[in-house]
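Peer 1: Here it is, the structure in full.
The values are calculated or read from the model by the stated rules, or taken from the named source; none is laboratory data. This is a predicted model, so every value here is computed, not measured. Every residue, glycine as well, gets a Cβ built from its backbone with ideal geometry; the counts of neighbours run over all protein chains shown. Areas reflect the complete protein model, heavy atoms only, side chains present, ligands, DNA and RNA absent. Shrake-Rupley method; radii C 1.70, N 1.55, O 1.52, S 1.80 Å.
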Amino acid sequence: MNEPQHNHEFFMAQALEEAKKAYALQEVPVGAVVVLNGEVIGRGFNQPISSHDPCAHAEVMALRDAAKHIKNYRLVDADLYVTVEPCTMCSGAVVHARIKRVIFAALEPKAGVVCSQMTVFKQSYFNHEVEVVSGVMAQEASALIQDFFKMRREQKKQLKLAAREGELD
């Protein structure tokens, strides 16, 4: 089934709104939504720092929300929209949840395992296949991430300057 690009953009825009929530908490701005039958049933954004939970990635949070919504940990026929290529942990959660398709925006060259570091969903040892669509609103997602890390670098620079000024007093 080939869905029109505008449908992907509609749901990816919602994932980007989730990513902005992470940004506001000074978390890496990644957002995700789970869609079933044209309806968003789960939302999530990165929050491992603020929640003290290493598993609180956007994808996992959205999967948890969706599973609660339908009262089933299997999210058969659902799509996951995420602003950045998933990592190993999140890809494993996608397989276990039986997500039909992952639609992501920006590549994650360091830790992405959908197509950057490996093609995890194509491994023969999994008992579930996941379709992949990449590059939907990649420019917007990349700009958000780049802006975040630019802000982070500036904060570190200001802290170093403040520390130096304290040493001079």
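Peer 1: Which longest uninterrupted range of the chain lacks any trypsin sites (Lys or Arg not before Pro) assigned by DSSP to a loop state (not H, G, I, E or B) and surrounded by at most 11 other Cβ atoms within 10 Å?
Peer 2: 1-70
Peer 1: Right, next: Pick out, in residue order, every one of the GluC sites (Glu not before Pro) in region 72-169 that is DSSP loop and has at most 16 other C-beta atoms within 10 Å; say none if there are none.
Peer 2: Passing sites in region 72-169 are Glu129.
Peer 1: Taking chymotrypsin sites (Phe, Trp or Tyr not before Pro) that fall in a DSSP loop and have at most 15 other Cβ atoms within 10 Å as cut points, what is the longest piece of the chain between them?
Peer 2: Longest site-free region, per DSSP loop and neighbour criteria: 1-72.
Peer 1: Would you work out if region 94-169 is rounded, prolate or oblate? Take a ≥ b ≥ c from the square roots of the eigenvalues of the alpha-carbon gyration tensor; rounded if a/c is under 1.5, else prolate when a/b is larger than b/c, oblate otherwise.
Peer 2: In terms of gyration-tensor shape, prolate.
Peer 1: Okay, next question. Would you mind working out the accessible area per residue for the chain, using a 1.4 Å probe, and quoting it in Å²?
Peer 2: Accessible area per residue: 57 Å².
Peer 1: Something else about it: With all protein chains present, how much of the accessible area of the chain (probe radius 1.4 Å) comes from carbon and sulfur, to the nearest whole percent?
Peer 2: 54 percent
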